[in-house]
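Each remark here refers to the structure printed beneath this line.
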Amino acid sequence: MTTKKNIAFFIPDWENTTELPYLAGGIKAGFPSPAADFDETKISLDNVLVKNHEATFYAKASGTSMIGAGIDDGDIMVIDRSLEPTNNKIAVCYIDGEFTVKRIKTAKNCVYLMPENEAYQPLKVTEDNDLIIWGIVTYVIKAV
């Protein structure tokens, strides 16, 4: 199953980052601790999720080909263009005029773009394809 997908890209706004309350000690999944009520500091998610400000952007995932990797339709991906595209990394790729997100698999003299959903087929990259590895997905921001 193949479908055309568009990925919406966003550039981080470094001049207007927001710091929100952050419970550094974590939130217990068991019994609550009364001392945790005041253990609060501030955090900016942009500063935590982005390692290289000049080479990082966000994109909204579209489709279901990567659900096995935890990337669902509508999730926001943090993508770093400065990272090396190596075997097993999840990458945003521009192939034959379209953007897609897939896992890179290298084999002897061959590269595959692998979906993480059995409903989709791997894409073998040949010399006939025009492929640019746009960036490596470093984090996924999800709605619950």
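The values are calculated or read from the model by the stated rules, or taken from the named source; none is laboratory data. Predicted, not measured: the structure shown is a model, and the values here were computed from it. Here Cβ is always computed from backbone atoms with ideal geometry, including for glycine, and neighbour counts include all displayed protein chains. Quick note on the areas: whole protein, heavy atoms, side chains included, nothing else; ligands and nucleic acids left out. Shrake-Rupley method; radii C 1.70, N 1.55, O 1.52, S 1.80 Å.
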task: Compute, for ASP96, the solvent-accessible surface of its heavy atoms (probe 1.4 Å) with the complete set of protein chains present, and express it in square angstrom to the nearest 10.
output: 80 Å²
- request: Using only alpha carbon positions, build the gyration tensor of region 43-107, then give the equivalent ellipsoid semi-axes as the square roots of 5 times its eigenvalues, largest first, whole angstrom.
  value: 20, 16, 12
field: GluC sites (Glu not before Pro) within region 92-123, DSSP loop, no more than 16 other Cβ atoms inside 10 Å
entry: GLU118
- prompt: Under a 5 Å amide H to amide H cut-off, with H placed in plane at 1.01 Å, what residues pair with VAL101 once short-range neighbours are removed?
  reply: CYS93
- request: Inverting the mean 1/r over all pairs of different Cα atoms, compute the Kirkwood radius of region 77-144 and quote it in Å.
  value: 12.5 Å
message: Keeping all protein chains in the complex and leaving out DNA, RNA and ligands, what accessible area do you get for ARG81 with a 1.4 Å probe, in Å² to the nearest 10?
response: 120 Å²
query: Amide H neighbours of THR138 under 5 Å, counting only residues 5+ apart in sequence or on other chains, H built in-plane at 1.01 Å?
result: VAL78, ILE79, ASP80
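With r as the distance between the Cβ atoms of ALA55 and ILE132 and R0 = 22 Å, compute the FRET efficiency 1/(1 + (r/R0)^6) and round to 0.05. Don't skip to the end; give the middle numbers.
Numbers: r = 15 Å, r/R0 = 0.66.
Step by step, r from the Cβ atoms, then E = 0.90.
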statement: Once both label points are put 7 Å beyond Cα along the C-beta direction, the LEU45-GLU118 separation in nm becomes 3.3 nm
